[in-house]
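Taken together, the values in this text are just the output of simple stated rules run on the coordinates, not laboratory data. Just so it is clear, the structure is predicted and the values come from calculations on it, not from any experiment. All Cβ positions, even for glycine, are placed from backbone atoms using ideal geometry, and neighbour counts span all protein chains on display.
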């Protein structure tokens, strides 16, 4: 897949690196318009990164999501858009409504928001990543979650993104309970 990771921080940089290692083509979109991104992947302006991408990952600071999505709505049309941003303190933690308003034809996925980046860099054995996705985006989401080394667990369609978001406070509580150790994850036992 051709993946445009919008954001070069720990979440975006770690995910992009894992996907490159799995053979996917990754570029980073950023305010810095040219150069090398994390791991040496190309870094370019957001609009340039979106051109030709099959999948777009939003991994920017919460306050930047609205501007990024509004400015690039046409370029997001028809693409799988993975929302990894947590808008802590907002009525909705996810950016689903903003993505839908700017790009109604985008195929939304809520994923990579309930675990710390450390669990993407070095996943604990058997760790699961819960996600919600529009039907047409589910196969890409499952493939990319598995490529990171986590077990994809489908929670339901995109309109249950709030259910996925509900795992975030649980993760924070478990981290606190474990003395700040962020290498905490959930698994499914059957």
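Worth pointing out:
- Scope region 86-139; condition within 19 Å of residue 178 (Cα to Cα), touching a helix residue (DSSP H, G or I) at 6+ places or on another chain (Cβ under 9 Å) and in a loop (DSSP other than H, G, I, E, B); matching residues: 114, 115, 116, 117, 123, 127
- Hey, residue 114 under 22 Å from residue 100 (Cα atoms) and buried (at least 16 other Cβ atoms within 10 Å of the Cβ) or not: yes
- The residue that is surrounded by the most Cβ atoms within 10 Å (Cβ to Cβ), counting only those in region 152-190 that are in a strand (DSSP E or B) and within 15 Å of the chain's Cα centre (by Cα), is 152.
- Every condition in (1) more than 17 Å from residue 60 (Cα to Cα); (2) surrounded by 23 or more Cβ atoms within 10 Å (Cβ to Cβ) is met by residue 146 except one, and the failing one is (2).
Okay, residues lined up against (1) under 13 Å from the mean Cα position of the chain (by Cα); (2) buried (at least 20 other Cβ atoms within 10 Å of the Cβ); (3) within 19 Å of residue 140 (Cα to Cα):
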{"site": "27", "(1), (2), (3)": "no, yes, yes"}
{"site": "85", "(1), (2), (3)": "yes, yes, yes"}
{"site": "89", "(1), (2), (3)": "no, no, no"}
{"site": "97", "(1), (2), (3)": "no, no, no"}
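- For residue 60: the one exception among (1) over 20 Å from residue 104 (Cα atoms); (2) under 16 Å from the mean Cα position of the chain (by Cα); (3) in a strand (DSSP E or B): (3)
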